[in-house]
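Take a look at the structure below.
The values are calculated or read from the model by the stated rules, or taken from the named source; none is laboratory data. Owing to the predicted nature of the structure, the values given are computational and were not obtained by experimental measurement. All Cβ positions, even for glycine, are placed from backbone atoms using ideal geometry, and neighbour counts span all protein chains on display. What goes into the accessible areas is simple: the full protein's heavy atoms, side chains included, and nothing from ligands, DNA or RNA. Shrake-Rupley method; radii C 1.70, N 1.55, O 1.52, S 1.80 Å.
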Amino acid sequence: MPSHDSSSSKGLEIQRTFNKITDYYDRMNSLMTLGRHAAWCREVAVRTKVPAGGSMLDVATGTGVIALAALKKYPDSTIYGVDFSERMLSEAASKPGASAVRWQHADANELPFGDESFDAITHGYLLRNVEDVERVLEEQYRVLKPGGRVVILETCPPRGLLRYPVTLGVRVLIPLLGQVVARDRESYAYLQKSTLGFMTPNEVVTILRRVGFASISWRKKFFGTHMIISAQKP
Ligand SMILES: C[S@@+](CC[C@H](N)C(=O)[O-])C[C@H]1O[C@@H](n2cnc3c(N)ncnc32)[C@H](O)[C@@H]1O
């Protein structure tokens, strides 16, 4: 049986990659998205519609951009940010205002929370890094309360007229920026491949439906290379 947790070889490789690029993560993200990443994280937070006094879990929180945007939007809620990279978590916890978020080490494959614990779940760029997307979404469905929303920020392969120029741009620019800014072409070559190789919005929607989610909607961003998907647990 294949192993799905962070001790699998893909899990360990991803953990190593993110531990390695922590220092450059926010700067590179901002450059690669021409400054749009922070705005998308705010949009993700808004779409969760966390009720007053509610709770939200940001899985694969990284440097905590979504969790902190959610805290700003819903200051009376309890916000958790979890990740399996210790370095990313300590970077998140060092940001201004971060002490109000509960940062915790956790693997998205096995969330250390009881059933129906959260009013909303968010994640940015998690799914393309996991071995079994369906299992990870099932785990989120489990810890979400009925009526709660999951909001997903992810990359997707560009389609249509822009497909070839955008694909070429991503192939060339991301590893180049990785080399110049982070002096780490290898890690950013991985990010470039996982960006172009991930699923289309419809493929993610099909899995969300299979898991049990309803009221699913999505919109593409940034020349069709990013998507924000939201879904509700009935
Ligand atoms: C590209 S970063 C995204 C960070 C943040 N969500 C954002 O939008 O900037 C991906 C994060 O996912 C985390 N990650 C990947 N697989 C994971 C898993 N199985 N469990 C927990 N965290 C995971 C990595 O450690 C990394 O911090």
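Can you give the accessible area per residue of the chain, in Å², using a 1.4 Å probe?
Per residue, the chain has 46 Å² of solvent-accessible surface.
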Compute the distance from the alpha-carbon center of the stretch 39-89 to that of the stretch 198-232, in whole Å. 19 Å
Find the percent of Cα-Cα distances in the stretch 38-111 that exceed 21 Å, and round it to a whole number. 18 percent
Over the stretch 88-234, with every protein chain in place, what whole percent of the accessible area is carbon and sulfur at 1.4 Å, could you tell me? 53 percent
Using Cα-only point scatterers and the Debye equation, what is log10 of I(q)/I(0) for the chain at each q in 0.07, 0.15, 0.18 Å⁻¹, rounded to two decimals? -0.20, -1.01, -1.51
I need the per residue convex hull volume for the stretch 74-140, using only the alpha carbons, in cubic angstrom as a whole number. 98 Å³
Diffing the stretch 112-124: the Karplus 3J(HN,Hα) column from phi (6.51, -1.76, 1.60, θ = phi - 60°), in whole Hz with x for Gly and Pro, holds x, 9, x, 4, 6, 8, 10, 7, 7, 10, 10, 7, x
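If you add up the charges near residue 189, with Lys and Arg at +1 and Asp and Glu at -1, over every other residue whose beta carbon is less than 15 angstrom from its beta carbon, what do you get?
+4
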Return the sequence-ordered ³J(HN,Hα) values of the stretch 219-231 in whole Hz as given by the Karplus equation 6.51 cos²θ - 1.76 cosθ + 1.60 applied to θ = phi - 60°, using x for Gly and Pro. 9, 8, 9, 6, 6, x, 9, 10, 9, 10, 10, 10, 8
Under the Debye formula (equal points on every Cα, no solvent term), log10 I(q)/I(0) of the stretch 126-227 at q = 0.16, 0.17, 0.24, 0.25 Å⁻¹: -0.76, -0.83, -1.24, -1.30
Taking H as built 1.01 Å from N, whose amide H comes closer than 5 Å to the amide H of residue 124, not counting residues under 5 places away? 153
Paired Rg and Dmax values of the stretch 80-194, which use every Cα atom, in angstrom: 17.0, 46
Just order 56-68, 128-140 by mean Cβ neighbour count inside 10 Å, highest at the front, would you? 56-68, 128-140
